[in-house]
Amino acid sequence: MQPPRVIDTRIVYENRWMRLHEDRTERADGTPGLYAWIEKPPAAVIVPLDGDHVWLIEQHRHPVGARFWEFPQGAWEDDPAAAPEELARGELAEETGLRAGRLEHLGSLFFAYGISDQPFDVWRATELEAGEQALETTEADLRVARVTVDELEAMIAGGRVRDAASVAAWHLATRTMPARRPDQRARDG
């Protein structure tokens, strides 16, 4: 099956963080269409794993008008061609102050390919060392917390972590984590 042919495209809106495109399309049978989509630079989502704990950030997300917990993540609009590992290390340090002694690439996904072309790489960060945050002005209200793996699972189940990229990143991170024994859960919790 052939995808619709783009017969005209224009940038409707543009700022430092994104470009909104509007494409006029035509299907194989001649049916016209209109498709709007957002262009954004590649991003990183980092799962900072500290033994039986993970680090999360909480911030206000304007489009949904609420605060949510999520894994550190972001893109470098001023350097969209940055090396993926450099981006991941930078975002982790910027948002949490943490430096990873080890960073493991777990996969590549898209945030929402029905509306955006923005890909993201998922990283597991371990051997963490504390440092200073370097928050952007737009992140001034960001909070950081260290929670147990069980607390994170409860936060996901209870809707306190609703960021799809974070939930997907957690899935990738846990597919390759060593299983915890029941006696470890009781001791570590």
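Every number in this text was worked out from the coordinates using simple rules, so none of it is lab data. The structure displayed is predicted, hence computed values, not measured ones. Here Cβ is always computed from backbone atoms with ideal geometry, including for glycine, and neighbour counts include all displayed protein chains.
Under 5 Å between amide hydrogens, which residues at least 5 positions from L98 or on another chain qualify, with H placed 1.01 Å from N in the peptide plane?
Placed amide hydrogens put G131 under 5 Å from L98.
Show the residues, 5+ positions off or on another chain, whose built amide H is closer than 5 Å to the amide H of V47.
W123, R124, A125
Using just the C-alpha positions of the chain as equal point scatterers, what log10 of I(q)/I(0) does the Debye formula give at each q in 0.12, 0.14, 0.19 1/Å?
Per q value, in the given order, log10 I(q)/I(0) is -0.66, -0.84, -1.33.
How large is ³J(HN,Hα) for each residue in the stretch 112-121, as worked out from phi by the Karplus curve 6.51 cos²θ - 1.76 cosθ + 1.60 (θ = phi - 60°), to whole Hz, x for Gly and Pro?
Values, residue by residue: 7, 5, x, 10, 8, 8, 6, x, 9, 9 Hz.
Longest exposed-loop-site-free stretch of the chain, with trypsin sites (Lys or Arg not before Pro), DSSP loop and at most 13 other Cβ within 10 Å?
Longest site-free region, per DSSP loop and neighbour criteria: 28-179.
What's the longest uninterrupted piece of the chain once you rule out the GluC sites (Glu not before Pro) that are loop residues per DSSP with at most 13 other Cβ within 10 Å?
Free of exposed loop sites, the longest segment is 1-76.
Could you tell me what % of all Cα pairs in the stretch 82-148 have separations over 21 Å?
35 percent
Which whole-Hz couplings ³J(HN,Hα) result when phi for each residue of the stretch 24-37 is put into the Karplus expression 6.51 cos²θ - 1.76 cosθ + 1.60, θ = phi - 60°, listed in order with x for Gly and Pro?
8, 10, 9, 7, 4, 8, x, 5, x, x, 9, 9, 9, 8
Which FRET efficiency value, to the nearest 0.05, is calculated for E139 and I115 with the Förster distance at 35 angstrom and r the Cβ-Cβ distance?
For E139 and I115, the calculated efficiency is 0.90.
Using only the alpha-carbon atoms of the stretch 132-171 as identical scatterers, what base-10 log of I(q)/I(0) does the Debye formula give at q = 0.14, 0.19, 0.22, 0.33 Å⁻¹?
Per q value, in the given order, log10 I(q)/I(0) is -0.42, -0.70, -0.84, -1.08.
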